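All remarks here apply to the structure that follows.
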Amino acid sequence: MNQPIKFYQTGTFTVGNRLLAPEQRTVQASAERSNSINSGHRACQGCGEALGARYAVDAAMRATNNQLIAANATGCLEVFSTPYPETSWQLPWIHSLFGNAAAVGTGIAAAMKVKGRKEVRVIAQGGDGGTTDIGFGCLSGMFERNDDVLYICYDNEAYMNTGVQRSSATPHAARTATTMAVGPEPGASFGQGKNLPLIAMAHEIPYVATATVADLHDLEAKVEKAMSLHGARYLHVLVPCPLGWGAASHDTIRLARLAHETGLFPVFEAERGEVTAVSKIRHRVPVEDYLKPQKRFAHLFAGAGDAATIARLQAEADRNIRRFGLVEERETA
Amino acid sequence: MLQIRIHGRGGQGVVTAAEMLSVAAFEQGRHAQAFPSFGSERTGAPVVAFCRIDDREIRLREPIVEPDVLIVQDPTLLHQVDVFQGLKPDGYVLINSRRSFDELGLADIAQRFRRERLVTVPATDIALKHIGRPLPNAVLLGAFAALSGLITLEAVAHAIREKFSGRIAEANVAAATDAFDYLRREIEELHAHAD
Amino acid sequence: MLMQIEGSQAVARAVALCRPEVICAYPISPQTHIVEGLGELVKDGTLAPCEFINVESEFAAMSVAIGASAAGARSYTATASQGLLFMAEAVYNASGLGLPIVMTVANRAIGAPINIWNDHSDSMSQRDCGWLQLFAESNQEALDLHIQAFKLAEELSMPVMVCMDGFILTHAYERVDMPTQADVDAFLPPYEPRQVLDPAEPVSIGAMVGPEAFMEVRYLAHAKQTMALERIPQIAAEFAQRFGRTSGGLVRAYRCEDAETIVVSLGSVVGTLEETIDDLRAQGVKIGVLAIRSFRPFPLAAVRAALEGAKRVVVLEKSFCVGLGGVVSTDVRVALSGLQLHGYTVVAGLGGRAITKSSLARTLAEAVADRLPPLTFMDLDWGMVNRQLEREKSIRRSGPVAENLLRDVGSVASKVA
């Protein structure tokens, strides 16, 4: 039988891997995976970032035959993974500052190049705050020079480690500690989030991709693809934060999937500024399905509800769908 | 210690002149220090550069307030900047101009100094003739070699070839030599008049 | 080999002789000629293998150096003034992590008001961070100190800042003796890191350290600087033996043996001071100069030993602690605690104001006669200051300070010096 069988993750219990050919199985399915971020770290229950980092770094380790060095920005990942005197990292890892992960990555890559160690690859990683705000300058510089670094942004849409303050990645209307759900315009009333993937594409770097923790195969494939290329590469991963989003800790993967399925978070790949592939929405859902389980959007549903803002968010989703072609064209009967 | 102060405008190679002078002195086995004045630099704005020459290590680092030598690359500065400020009574003055000292209206200033040490050279004209551009800096160094004997023409030529290369270097050397010869003749005349 | 070149070029060539593997820098006056020189040497293949990275800010420059150094590469950068402040977070990070980066600071004033000329406020602003700070008096010393700096930094695993006066040294043409590659190679072995990012032996660098161990980690930086107090003179001696001249060390005393008055200073102004002292000595004044070469670690014992026989100490500094007075003089006082002598702080040369022999002679004569106030600002235009203070007393909307003062000064371009 030649028909490919599609398996979908339906939560944390996955059956697909065992029925797939070995080479199609995920890195996570292997007992030989590097487990780059070892258990024992101090992440919250249901932390999307811990999950995303494990998926991404293990995939990068396999793709590089464990010849990988990581630079990490200050943030949740750095804090929960290295509680003094312990570290969960099984690969060479450096934390320098909040805003310089990309530049530190550039430095490591330069050192490897000058020493002729071609086989050693570099990733730089951080949260949305360290990437879209304070680390933006260094990131753009790294892109512009096409330094040989894969930058991974784990986007939970706010400065979570310091107590859930608004970042330039915070979506419109979301409640954060600095955009409280009070007053005539509750939540993040200005802006709609800085679109880092599009900005990365504007630098025309070899590879840009977005992914979520809801699709493990997709995320791993993108990391593998990225590591097969050289030059500046950017991967933007949506990682729900139960605490910051006010969601149940068992909803992390479900919310990531809903973000994709509403169209609010387009999942795609691009090379040198041109979109090359998109992850189509299988089963489109209205934005409310995604917003309701999150207390950070609760004020949109309180009392009479804020239909206008919800409509605005829906329009954003519609625009993404149109812009990236996220829904299969349906033949009219 | 010999202290030389060079005046000009931004874009005329005043700083380069001071640097080349220091290289020429070095070539002659002497210690030399050259540095620009620290004003805002801008094409056309007045610029000053300094050069000290000595036979021992030079430790002093202040701007030159009592120069032994004054080189003025741009005569339009004469009535804007007090270029003669602090010049030693025995000082040398070399001005880039077709006109003489008196014709420049400097007769009474000239009274304060030794007349045979105050000369003008049409350095821009000489530069245009040999280099094709109105850059009088190297030219004036050639003239200075003739005026004072404190730097040799060979050393000036060497310094020019260090700074510039190829045709431009040779053109500047030719221009500097031309100025050297020109000034030699002018000094003979001055001495003839003085006698 | 003897050559007559610009200070910046001398430093660029000396740094190149040290075989740096990663150079990253962002342009800022007056350091530009140094990195331009190095950029050219890399591009034309003279300095190889070396990665020269044009970074997008000083913060990126120090960060790239951090990454490169942590990955085992000998790393170098250069900056001044505003640039040093912009990278300040990374500067502290580098010393906190113990990475042996060498950086040239082409000393320049810090704004506001914006000023591109020389004083020591930039390096002084970072004197507490853990970087070693060496000051050069001449271009020869500047180039020599860079060679010593790499050796010192890598032995101790601590970063070193080589401070040289912007414009006064960087843009001055002077005679220097440039060492050979063979001599530098013999003096400076390849970099052997204490910690390195290597897939063969993974380590985590940069952990968060709480109250349980932070003090100990920071103390170790201090311990390293204390070790440096021994090592700096030794390296200077090793340098002298190989290259045939004295450069560096902790302090250098000039005519202090029987001096009743000693002037303490750093950097290029020492040269002008020595000339002034020679004149005063010729007049029978018993006066000498103590040049501080290593500012961090501050050589308390050496300074005390040099000064304890004097009656009075004048600290002449191109730095200023707003609200207190001197920066260097405060450190010197620590060295002299318990001793009975007159201490004078003279703040001079801020923002590039020329320090002249005649002003120094006048000021020192006052000091020798004990007529000098404890804190003076040499050549300060009190008229200008008082006019502004009057202005502010008389009207609330008195306008921007700098603009008011500049109007008083008038046209600067037509001034000779």
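Below, the figures for the structure above:
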| item | result |
| --- | --- |
| On Cα atoms only, tilt of A:307-324 relative to the major axis of chain A in degrees | 40 degrees |
| Order by protection proxy (mean Cβ within 10 Å, highest first), peptides C:112-119, C:11-18 | C:11-18, C:112-119 |
| Percent RCO, i.e. relative contact order, over region C:252-377, from Cα pairs under 8 Å lying at least 6 residues apart | 27 percent |
| DSSP-defined beta bridges in chain A - what % are antiparallel, rounded to 5 | 25 percent |
| For chain C, share of DSSP beta bridges that run antiparallel, in % to the nearest 5 | 25 percent |
| Neighbouring partner chain Cβ atoms per residue of B:15-21, average, 10 Å criterion | 2 |
| Between 0 and 90°, nearest 10: helix C:7-17 axis offset from chain C longest Cα axis | 20 degrees |
| Mean Cβ count within 10 Å, highest first, over the residues of peptides A:224-230, A:253-259 | A:253-259, A:224-230 |
| Fewest-first ranking of C:ASP331, C:ASP165, using other Cβ atoms within 10 Å as the exposure measure | C:ASP331, C:ASP165 |
| Two-site label geometry, A:GLU86 and C:ILE395: point separation in nm, points 7 Å out along Cα→Cβ | 6.8 nm |
| GNM flexibility winner over chain A from A:ASN195, A:ASN156, A:ASN320 (Cα, springs under 10 Å) | A:ASN195 |
| Antiparallel %, DSSP beta bridges [both residues in region B:2-194], to 5 | 55 percent |
| Values of log10 I(q)/I(0), in the order q = 0.26 Å⁻¹, for region A:199-283 under a Debye, Cα-only, solvent-free model | -1.23 |
| Sequence of C:LYS357, A:LYS295, C:LYS393 once ranked by neighbouring C-beta atoms within 10 Å, starting from the fewest | C:LYS393, A:LYS295, C:LYS357 |
| A:GLU204-C:ARG281 FRET efficiency (beta carbon distance; Förster radius 60 Å; 0.05 resolution) | 0.30 |
| Prolate/oblate/rounded call for region C:1-64, Cα gyration tensor, a/c under 1.5 rounded | oblate |
| Across A:LYS118/C:LYS43; A:LYS113/A:LYS194; A:LYS222/C:LYS43; A:LYS225/A:LYS292; C:LYS43/C:LYS224, pairs whose alpha-carbon gap is larger than 25 Å | A:LYS113/A:LYS194; A:LYS222/C:LYS43; A:LYS225/A:LYS292; C:LYS43/C:LYS224 |
| Residues A:TYR84, C:TYR344, C:TYR191, C:TYR173 arranged by fewest to most Cβ contacts within 10 Å | A:TYR84, C:TYR191, C:TYR344, C:TYR173 |
| DSSP-assigned coil residues among trypsin sites (Lys or Arg not before Pro) in region C:87-180, each with at most 12 further Cβ atoms within 10 Å | none |
| Three-way shape call for region C:252-377 based on the alpha-carbon gyration tensor, with the a/c threshold at 1.5 | rounded |
| Mean Cα-pair separation over length for chain C, i.e. relative contact order, pairs under 8 Å, 6 or more apart, % | 14 percent |
| Residues of type aspartates and glutamates that C:LYS318 reaches as a straight line, Cα spacing below 15 Å, ignoring anything fewer than 8 places off in the same chain | B:GLU62, C:ASP119, C:ASP122, C:GLU137, C:ASP165, C:ASP331, C:ASP379 |
| Prolate/oblate/rounded label for region A:30-117 (Cα gyration tensor, a/c 1.5) | oblate |
| Within a Gaussian network of chain B (alpha carbon springs, distance under 10 Å), most fluctuating of B:ASP108, B:ASP54, B:ASP90 | B:ASP108 |
| Residue-averaged beta-carbon neighbours from other chains (10 angstrom radius) around C:193-200 | 5 |
| Percent of alpha-carbon pairs separated by more than 32 Å within chain C | 37 percent |
| GNM result for chain C, Cα springs below 10 Å: residue of C:VAL64, C:VAL334, C:VAL162 fluctuating most strongly | C:VAL334 |
| With at most 12 other Cβ atoms within 10 Å, longest stretch of chain C clear of loop GluC sites (Glu not before Pro) (DSSP) | C:1-211 |
| Region A:249-333: GluC sites (Glu not before Pro) in DSSP loop, at most 10 other beta carbons within 10 Å | A:GLU328, A:GLU329, A:GLU331 |
| Rounded tilt (10° steps) of A:216-227 against the dominant C-alpha axis of chain A | 50 degrees |
| Per DSSP, loop trypsin sites (Lys or Arg not before Pro) in region C:180-278 with at most 14 further Cβ within 10 Å | C:ARG194, C:ARG245 |
| Mean separation of Cα contacts under 8 Å, 6 or more apart, over the residue count of chain B: relative contact order % | 20 percent |
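Taken together, the values in this text are just the output of simple stated rules run on the coordinates, not laboratory data. Note that this is a predicted model, so its numbers are computed, not measured. Note that each Cβ is placed from the backbone with ideal geometry, even for glycine, and that neighbours are counted across all protein chains shown.
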